[in-house]
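To keep things clear, I will list the structure first and then write my remarks on it.
The values are calculated or read from the model by the stated rules, or taken from the named source; none is laboratory data. Note that this is a predicted model, so its numbers are computed, not measured. When we count neighbours, we look across all protein chains shown, and the Cβ atoms used for this are built from the backbone with ideal geometry, even at glycine. We work out accessible area using only protein heavy atoms, side chains counted, and drop any ligands, DNA or RNA first. Shrake-Rupley method; radii C 1.70, N 1.55, O 1.52, S 1.80 Å.
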Amino acid sequence: MNDLLKLPLQSPYKEELPADPNMENYPRQVQRASYSCVDTRVPSRPTLIHESQELLDEWDVSIGDKVEWLAVISGAKRFQNFQPYAMCYGGHQFGHWAGQLGDGRAINIADLMILDQPMQLQLKGAGPTPYSRTADGLAVLRSSIREYLCSESMHHLGVPTTRALSLVTTGDLVKRDMLYNGNPQDEPGAVVCRTAPSFIRFGHFQIFASRGETDQLRQLVDHTIRHHFSYLGQPSKDTYLAFFQEVVTRTKDLMVHWQRVGFVHGVMNTDNLSILGLTIDYGPYGWLEDYNPGWTPNTTDAQHSRYRFGNQPNIAVWNLMQLANALYPLIGEAEPLQAILDGYKDAYLKDYHRMMCSKLGLHQSEHVEETFVTRLTQLLGQSEQDMTLFFRELSIVGSSDWEAFWQMLGKTSYMKAHEMSPLHTQWESWHTTYCDLLLAEDQEPKVRRDSMNAVNPKYVLRNYMAQLAIDAAEQGDYGLIDELYQMLRRPYDEQPQYEKWYTKRSEWARNRVGCSMLSCSS
Ligand code: AMP
Ligand code: MG
């Protein structure tokens, strides 16, 4: 087994793309460059809280020198002698062009090839960079726990995502005004080492296009295609279009996954959309509990709920349109880009329908009317059904008689029984159609249940669970982080030892900060 710390470095991003010639670390506009060299901040007292042994195993690597490793993943020492760097990108935030953003608190510390795939290691919270603007480049423990647990859990749910390798506390305090209400507090600082084949975002392309830096734009697109979409062929105008099509497809697939598991990203700005179609930047995200398509956990977005659960697929197209605008200078024609964008909606609706049918155990989705699915999602919302519990229980009770089904609905709802009563007739009619559809499929109940349980997770990182792990960690107890980590490694399995987590959100969590309300302050 290879020692991760001794793997050879290989950084086409740094070698092929233009560097900021300025080596000083202070906030500034960085023109005509894809990155700036910057050193990580040395923490006072780094302590390892958790690491993903699983990811190391997947990579078939071990850690030879643990002391060296802790120094590397906390920012105290370089990975071999690799010069760390922060990337330049821009973005639309909440629908408005925000200009240059960039890695304000992310620093790439190693670019490697692992199992013949490029793999970048990036520290989040290891100090300021030229892109930090007025902020400190640091991260607090609560948001680092949330990123660490959620990205690993998404991976095990089968949702494309960046991964997390480790979580350390720095021993330094970080000031944050959690609710932006003028009450800043000192919080424990932390650093997550996260990994992905590439952290390139839509905003990487936008910044060059916005500045008319077409040569740099072309270099970046060619680099991205060569290293991450090489199967599309050598860069050319046709390949650029194929590349855009590929990003559209991957982003659409990601949206279908988020709808499947009930994930709300919370900040779908164009700087938070990965060119590889990965879930990236876990900030004020949340998991749908009562099925409300209008819900967003992000209090910063509470007024317009732009990034609410049900709007994510639309926002994805809006963001893809911004990417199309950024690629336009290389293509010179709007029509082919528009044609690709136009294809998104039908493709999404088709895949969404198939996905929802699979959650219902209906494999002949072509025989299921779209209105049947729409009626379900409406009823789920109106009767405040817990999304995860409903679909999981459905595999057991779905084809039972109406009484048993209605009883189940009572148990999986956040409403009181009398509040549910007006929906009795509508649910009964939906259930009758459902039973007819199931009969027509003629599947063995066990086969159907297994297939449903493979797409309907039993365990997700409910907002209150992450908060409990945070509360304990802030008191120095990291046991719950490990418990949730272990449980979320197998989200589709029954795992009776974790049954206590298979339950509705407790009443105390309904309006508690961190459980249903989060801000971008992290
Ligand atoms: P977000 O929407 O949280 O992904 O962040 C938007 C931009 O702000 C990105 O360019 C981040 O790098 C930057 N940013 C967020 N938090 C900090 C921080 N604490 N210090 C420096 N930059 C930050
Ligand atoms: Mg971001």
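Quick rundown of the values:
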{"quantity": "Surface per residue (accessible, 1.4 Å probe) for the chain, Å²", "calculated": "40"}
{"quantity": "Shape category assigned to segment 2-202 from the gyration tensor of Cα positions, a/c cut at 1.5", "calculated": "rounded"}
{"quantity": "Ellipticity estimate at 222 nm from DSSP helix runs (n ≥ 4, -39,500 (n - 2.57)) divided over the chain, nearest 500", "calculated": "-13500 deg cm²/dmol"}
{"quantity": "Over the chain, relative contact order from alpha-carbon pairs under 8 Å, at least 6 apart, %", "calculated": "14"}
{"quantity": "For segment 166-242, alpha-carbon Rg relative to the globular expectation (2.2 N^0.38 Å, N residues)", "calculated": "1.73"}
{"quantity": "Angle between the chain longest axis and helix 214-228 axis [Cα atoms, degrees, rounded to 10]", "calculated": "60"}
{"quantity": "Rounded, prolate or oblate (a/c below 1.5 giving rounded, otherwise prolate when a/b exceeds b/c) for segment 412-500 by Cα gyration tensor", "calculated": "oblate"}
{"quantity": "Farthest toward positive dipole pole in segment 361-420 [+1 Lys/Arg, -1 Asp/Glu at C-beta], among 388, 398, 376", "calculated": "388"}
{"quantity": "Rg to Rh, two decimals, where the chain supplies the alpha carbon set and Rh follows Kirkwood", "calculated": "0.97"}
{"quantity": "With Cα atoms, 0 to 90° folded angle of helix 463-474 axis to the chain main axis", "calculated": "50"}
{"quantity": "Pairwise label distance in nanometres, residue 48 with residue 471, each label 7 Å out on the Cα-Cβ vector", "calculated": "3.0"}
{"quantity": "Bins of 5 Å, starting at 0 and running to the largest distance - Cα pair percent for segment 359-467", "calculated": "2, 12, 22, 25, 21, 12, 6, 2, 0"}
{"quantity": "Sequence ranges 401-410, 467-476, 162-171, ranked by mean other-Cβ count within 10 angstrom, highest first", "calculated": "162-171, 467-476, 401-410"}
{"quantity": "The chain: angle of helix 402-412 to the longest principal axis, Cα-based, in degrees nearest 10", "calculated": "40"}
{"quantity": "Total charge dipole magnitude, segment 1-118, about the Cα centre, Cβ charges on Lys, Arg, Asp, Glu only, Debye to nearest 20", "calculated": "660"}
{"quantity": "Dipole magnitude of segment 135-266 about its Cα centre (Cβ charges: Lys, Arg +1; Asp, Glu -1), debye to nearest 20", "calculated": "300"}
{"quantity": "Protein accessible area in the chain, 1.4 Å probe - carbon and sulfur %", "calculated": "51"}
{"quantity": "Prolate/oblate/rounded call for segment 366-419, Cα gyration tensor, a/c under 1.5 rounded", "calculated": "oblate"}
{"quantity": "In segment 1-61, the GluC sites (Glu not before Pro) that fall in loop regions by DSSP, at most 16 other Cβ within 10 Å", "calculated": "24"}
{"quantity": "The chain - charge dipole about Cα centre, Lys and Arg +1 at Cβ, Asp and Glu -1, debye rounded to 20", "calculated": "960"}
{"quantity": "GluC sites (Glu not before Pro) within segment 363-392: DSSP coil, no more than 15 neighbouring Cβ in 10 Å", "calculated": "369"}
